[in-house]
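Quick notes on the structure that follows.
Just so it is clear, none of the values below were taken in a lab; they were calculated from the coordinates. Everything quoted here is computed from the prediction, not taken from an experiment. Glycine also receives a Cβ, built like all others from the backbone with ideal geometry; neighbour counts cover every protein chain displayed.
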Amino acid sequence: MIRVVLPYHLRTIASVSGEVELNVEGPVTQRSVLDALEARYPTLRGTIRDHTTHQRRAFLRFFACEDDLSHESPDALLPDAVASGTEPFLIVGAIAGG
Amino acid sequence: MSAVRVLVGTRKGAFVLTADGSRKRWDISGPHFAGWEIYHAKGSPADPNRLYASQSSGWFGQMIQRSNDGGKTWEPVGNEFKYDGVPGTHMWFDGTQHPWEFKRVWQLEPSLTDPETVYAGVEDAAIFRTVDGGKSWQELPGLREHGSGPRWQPGAGGMCLHTILLDPSDPGRMFVAISAAGAFRTDDGGVSWRPINRGLKSNFMPEPEAEVGHCVHRIAMHPSRPGVLFMQKHWDVMRSDDAGDSWHEVSGNLPTDFGFPIDVHAHEPETIYVVPIKSDSEHYPPEGKLRVYRSRTGGNEWEPLTNGLPQSNCYVNVLRNAMAVDSLDSCGVYFGTTGGQVYASADSGDTWAPIVRDLPAVLSVEVQTLP
């Protein structure tokens with residue numbers, strides 16, 4: 001089970017509270033986690049990554065195990081602790097704006 | 001007894017203001033979508049309980065929300081606005097060409113007859129349409145591709161298609177306005193478009209009377225006379241009596257002809273309203289006095305409306321989508337400010353009072369007159 005922590009506004013859009021738990025088939029990567037997240041919560045499509053290019057939105061970052069994974073390949077394997085559900089995959093909004 | 005519902009979009013959420021036909025006591029609900037920018041919210045003329053709202057954020061992009069119960073509850077619908085084909089380029093601030101990039105929806109214009117059909121004006125400028133209640137959106141590419149697109153450029157607020165007017169007498173005819181490109185018209189339901197900017201003069205342009213490039217801030221029409229259009233341009237208040245084929249200036253005795261909104265009285269097609277703003281570099285009312293100006297002659301002769309509006313130390317702006325009218329008798333006029341006030345007049349502008357004073361900056365105001 002993969003654990004995902006969404007920022008406040010996306011929890012509202014998805015109508016969830018707390019962490020989201022996802023089943024991910026195959027290798028656990030940013031792409032496969034986000035694919036599973038968007039499949040389960042279709043209203044999140046376009047809010048984390050572009051609909052077409054799947055590029056991460058500029059003011060969002062991805063963290064896990066105290067590392068910033070935002071610039072990793074979307075197909076790179078996420079840490080074992082994320083794949084095993086020990087640690088969550090964090091989607092974080094930039095601290096910016098007013 | 002009739003009632004009014006005022007839909008207010010702000011920098012930090014949407015608010016729904018309701019009153020009975022006397023328009024004296026108001027209920028305020030919100031914020032809906034708290035923390036998000038609501039560029040526009042509007043109800044379907046064919047089903048007043050069907051509302052649409054454009055919800056956007058620099059972090060999370062664009063959402064479209066739909067309500068089936070007059071704004072009590074909302075559900076997100078489709079948010080994919082994909083330009084048709086390879087979108088090409090437009091002019092950038094430095095004169096170079098820049099790729100078209102979707103940023104947000106500025107205007108949602110529901111069909112006059114079908115609650116499932118809505119037009120969306122977006123930044124970078126283009127028009128989209130849904131026919132399934134917002135689940136999916138398709139561009140009407142004839143506007144962006146009609147030929148002058150490479151000469152369109154962003155205004156200070158972005159290259160936005162901010163106004164869509166539907167002609168109630170001709171389902172094939174629509175008007176749109178884009179900053180900074182100008183006004184455009186289709187006569188075939190959005191398949192083909194042409195610029196309608198003859199008579200506009202913008203001194204900031206290398207060719208002040210060019211076919212496109214004008215920073216049109218807002219256009220308005222009275223539904224009983226769809227061939228008569230009124231325009232608040234970056235500078236100049238303009239009028240067309242031939243559906244945009246030609247324009248002439250009607251700024252007349254306004255203290256300044258810079259401003260953003262313009263609207264038409266619900267029952268008097270020659271009565272129009274603007275809010276003069278000091279200049280393009282000082283976006284606040286002249287002399288710190290918030291004055292709506294009304295012309296009962298379709299322009300040129302204007303009178304200030306001040307009763308109930310602050311007449312000292314007022315330095316708010318009124319943005320282009322932030323004025324609307326109801327269709328009660330007497331006509332109600334409403335506008336919102338960047339200071340978070342929403343003012344209402346239940347007597348065609350003679351007297352004003354704030355409905356609410358301390359909202360986030362107001363981006364849009366729409367009014368529904370309910371049975």
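Hydrodynamic radius of the protein assembly as shown by the Kirkwood approach over all distinct alpha-carbon pairs: 23.2 Å. Computed over the stretch B:177-304, the P(r) tail beyond 24 angstrom holds 25 percent of alpha carbon pairs. Over all projection directions, the Cα-based convex hull of the stretch B:230-371 averages an area of 8.3 nm².
For the listed residue pairs B:LYS72/B:LYS103; B:LYS24/B:LYS72; B:LYS12/B:LYS201; B:LYS42/B:LYS201; B:LYS42/B:LYS103; B:LYS24/B:LYS135, the alpha carbons are over 26 angstrom apart in B:LYS72/B:LYS103; B:LYS12/B:LYS201; B:LYS42/B:LYS201; B:LYS24/B:LYS135. When every Cα-Cα distance of chain B is counted in 10 angstrom steps from zero, the calculated P(r) takes the values 5, 26, 37, 26, 6, 0 percent. For chain B, relative contact order (Cα pairs under 8 Å, six or more residues apart, normalised by length) works out to 12 percent.
Averaged over peptide B:230-243, the number of partner chain Cβ atoms lying within 10 Å of each residue's Cβ comes to 0.
Over the C-alpha atoms of chain A, the Rg to Rh ratio, Rh being the Kirkwood estimate, stands at 0.92.
Peptide B:73-80 has a mean shielding of 3, counted as Cβ atoms of other protein chains within 10 Å of each residue's Cβ. Cross-link partners of B:LYS82 among aspartates and glutamates, defined as those whose alpha carbon lies under 13 angstrom from its own and excluding same-chain residues fewer than eight positions apart: A:ASP50, B:GLU101, B:GLU123, B:ASP124, B:GLU139. As a rough footprinting exposure proxy, the listed residues B:CYS331, A:CYS65 were ranked by other beta carbons within 10 Å of their own, and the order from fewest upward is A:CYS65, B:CYS331. Simple point charges give the picture: +1 on the Cβ of Lys and Arg, -1 on the Cβ of Asp and Glu, and for the stretch A:2-93 a dipole about the Cα centre of about 460 debye.
Just round it to a whole percent: the fraction of Cα-Cα distances in the stretch B:245-322 exceeding 17 Å. It works out to 44 percent of all Cα pairs.
Bridgeable aspartates and glutamates around B:LYS278 (alpha carbons under 20 Å apart, same-chain partners fewer than 8 residues away excluded): B:ASP236, B:GLU249, B:ASP257, B:ASP263, B:GLU287, B:GLU301, B:GLU303. Inter-chain neighbour count for B:54-60: the average number of beta-carbon atoms from partner chains within 10 Å of each residue's beta-carbon is 6.
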